[in-house]
DNA sequence: CCGAAATCTTGCGGACCCCGCACTTTTCCC
DNA sequence: GGGAAAAGTGCGGGGTCCGCAAGATTTCGG
């Protein structure tokens, strides 16, 4: 299952991680506009030119971590037993991903998301990454339900709705004052979506 | 309701439209990377410097038409009678917007969407515009249902789901071969979402 | 173990983007 | 009509991103 991964590949991966990580860290520390590609490259120990061999923009470097996380979610969904309903699988995978053991999400991720959703330059790239994730998730759902992403709306609608639910839940969590836990928000959002978003009874 | 709009404002709007329109047209004609800000400005009859007084990037200029269209959708929803259910209002508004009188959408819009969803540089900006629209739509829904965008997940979930449904339907329509009409796709997508996306029976 | 082939890194140069600033032109409104 | 407010313009510069062509490193067959 896991490839040995030669020296070459390993180094490439390390460089990529180092660049992405450095970009995120520096941007959180001093604000995106005060970070030059030059700084990121220096922090990762490569030349500026090399930076652009890995990422085509600062934004992409920063959001690549978000992309990775999303891919893990899809993997989790794929690993769930086929006996569950699609919604069950997704809910469990999402909870495991965004609120493992009901613990508080790690502050480093929090800062990253906050940055990506507040800096105008990053928002677009962030959403683009999300849409890539949704495509992959849609594929996984299609396989599970024996539907076809190219023909049926179903798998893509589910993927897009899941993305929407997680995004809304996350955003609500980020802006909550006083703070509230993320897990229940994600559960609530997904449950509402799976129920067809009925109009709430006016209180 | 409608402000008279002085000469100043009118000219500003004209310039903005001219720039946005020129950007889209040129990009469709010869591909985004073969269009310089200089060209767009020239085509709209202003100086290159002025371009950036209106838009902070080429991408923003191109997607601004998408943003406008989305805002019209929100307006349509606002104008629907309060006696309808939220889903009814949205469905009717969306159909009116995307497939008026069951007529084929105008080819110029088609080309624009196709461009915005295929050029990597534009996708991010396109999605960013969509998210702005969703925020405004969420606000409209909140007012209609007496919920609070800052507290309740409901209005934002609906807005985001609607965005997802329309996006998936549009994408399916763009890639359909042979072509199929957009109206039914939008109806189908919104209906599935409003039903909670039940798993389709395997055929 | 070696040397050719494949791959990665790097520096250079250049086209382009975006913006701050100061200046000119146009529109507004009394 | 004339001064204030706002829009358009030209210039300059810091940055980004990429193509290209060496140079450095890893891989792999023999």
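At a glance:
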{"item": "Number of partner chain Cβ atoms within 10 Å, mean per residue of A:164-171", "result": "5"}
{"item": "Angle in degrees between helix B:58-79 and the longest Cα principal axis of chain B, rounded to the nearest 10", "result": "40"}
{"item": "Projected-area average for the range A:1-145 over all orientations - Cα convex hull basis, square nanometres", "result": "10.2"}
{"item": "Projected area averaged over orientations for the range A:79-203, convex hull of C-alpha atoms, nm²", "result": "9.4"}
{"item": "Average other protein chain Cβ within 10 Å of Cβ, residues A:13-19", "result": "0"}
{"item": "Shielding score for A:86-93, defined as the mean number of other chain Cβ atoms within 10 Å", "result": "1"}
{"item": "Mean ellipticity per residue at 222 nm, deg cm²/dmol - from DSSP H runs of n ≥ 4 across chain A, formula -39500 (n - 2.57)", "result": "-24000 deg cm²/dmol"}
{"item": "Normalised per residue, the volume of the convex hull around the Cα set of the range A:108-180 (Å³)", "result": "100"}
{"item": "Rel. contact order, % - alpha carbon contacts under 8 angstrom, at least six apart, the range B:24-139", "result": "31"}
{"item": "7 Å along Cα→Cβ, label-point gaps from residue B:52 to other copies, nm, shortest first", "result": "1.8"}
{"item": "Copy-to-copy label separations for residue A:17, where each label sits 7 Å from Cα toward Cβ, in nm and ascending", "result": "5.5"}
{"item": "Teacher prompt: residue B:176 distances to equivalent labels in other copies, 7 Å Cα→Cβ, nm", "result": "4.1"}
{"item": "Angle between chain A longest axis and helix A:107-116 axis [Cα atoms, degrees, rounded to 10]", "result": "90"}
{"item": "Helix axis angle, B:120-145 relative to chain B longest principal axis, alpha carbon, degrees", "result": "50"}
{"item": "Sorted peptide list for B:91-102, A:118-129, criterion being average Cβ within 10 angstrom, highest first", "result": "A:118-129, B:91-102"}
{"item": "Relative contact order of chain A, pairs being alpha-carbon contacts under 8 Å that are 6 or more residues apart, as %", "result": "17"}
{"item": "Value of Rg to Rh for the protein assembly as shown (Rh from inverse mean 1/r over Cα pairs, i.e. Kirkwood)", "result": "0.97"}
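FYI, it's all coordinate maths here, none of it is from the lab. Just so it is clear, the model here is predicted, and its values are computed rather than measured. Cβ: placed from backbone, ideal geometry, glycine included. Neighbour counts: every protein chain shown.
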